[in-house]
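> Below is the structure I would like to discuss, written out as structure tokens.
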């Protein structure tokens, strides 16, 4: 039977991972990183019962639980994204404005502007003439509907 680990609080500070510690990655989407009252099944079979305070947001690289030999670490799962490739700074500003008006979060990756994919955003980017591609990659921003000013 797999271990069941209840997590009510996050570690007070980030732990230090050494080569002697086995890291168990917990891939989570941007949406999942805000779902902090649920059951997570780890690749090693452990069951992590998240009972964290409402409003807690998990971040890629965050250690959820650690023993002397193993650490359970949040990672960003692969998600469908749109990658806008503005041709200059002015176009990049327009892309940021366009995506912000749709209340979507972005991630800057070099010269690329990355946002979670959806049909409305793809349509707006297409109509604006900004070059973009659909991709599947880890997204480190917030999920749609979680935009903040």
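The values are calculated or read from the model by the stated rules, or taken from the named source; none is laboratory data. None of the values given here were measured: they were computed from a predicted structure. A quick note on method: Cβ atoms are made from the backbone with ideal geometry, for glycine too, and the neighbour counts reach across all protein chains shown.
> Residue 45 is checked against (1) in contact with a strand residue (DSSP E or B) (Cβ under 9 Å, 6 or more places away or on another chain); (2) part of a loop (DSSP other than H, G, I, E, B) and fails just one. What number does that condition carry?
(1)
> Let me ask something else about it. Just wondering, is there one or more residues in the stretch 123-134 that are within 20 Å of the chain's Cα centre (by Cα) and at pLDDT 95 or above?
Just the residues of the stretch 123-134 that are within 20 Å of the chain's Cα centre (by Cα), to begin with: 133-134.
Filter once more, so that each one left must be at pLDDT 95 or above: 133-134.
Yes - at least one qualifying residue is present in the stretch 123-134.
> Moving on to the next point. Determine whether the stretch 93-107 contains at least one residue that is assigned to a strand (DSSP E or B) and under 30 Å from residue 17 (Cβ atoms).
In the first step, residues of the stretch 93-107 are kept if they are assigned to a strand (DSSP E or B); the result is 107.
Pick out the ones that are also under 30 Å from residue 17 (Cβ atoms) and you get 107.
Checked against the condition, which is being assigned to a strand (DSSP E or B) and under 30 Å from residue 17 (Cβ atoms), the stretch 93-107 yields at least one hit.
> Residue 98 passes all but one of (1) touching a strand residue (DSSP E or B) at 6+ places or on another chain (Cβ under 8 Å); (2) crowded, with 17+ Cβ neighbours inside 10 Å; (3) under 30 Å from residue 131 (Cβ atoms); which number fails?
Residue 98 satisfies all of (1) touching a strand residue (DSSP E or B) at 6+ places or on another chain (Cβ under 8 Å); (2) crowded, with 17+ Cβ neighbours inside 10 Å; (3) under 30 Å from residue 131 (Cβ atoms) except (1).
> Checking residue 130 against (1) in contact with a helix residue (DSSP H, G or I) (Cβ under 7 Å, 6 or more places away or on another chain); (2) not in a loop (DSSP other than H, G, I, E, B), which test does it fail?
(2)
> Right, here's the next one. Condition first: in a helix (DSSP H, G or I), in contact (Cβ under 8 Å) with a residue 40 or more places away in the chain, over 15 Å from residue 26 (Cβ atoms) and touching a strand residue (DSSP E or B) at 6+ places or on another chain (Cβ under 8 Å). Can you find one or more residues in the stretch 50-72 that meet it?
The first filter runs over the stretch 50-72 and keeps only residues in a helix (DSSP H, G or I), leaving none.
No, every residue in the stretch 50-72 fails to be in a helix (DSSP H, G or I), in contact (Cβ under 8 Å) with a residue 40 or more places away in the chain, over 15 Å from residue 26 (Cβ atoms) and touching a strand residue (DSSP E or B) at 6+ places or on another chain (Cβ under 8 Å).
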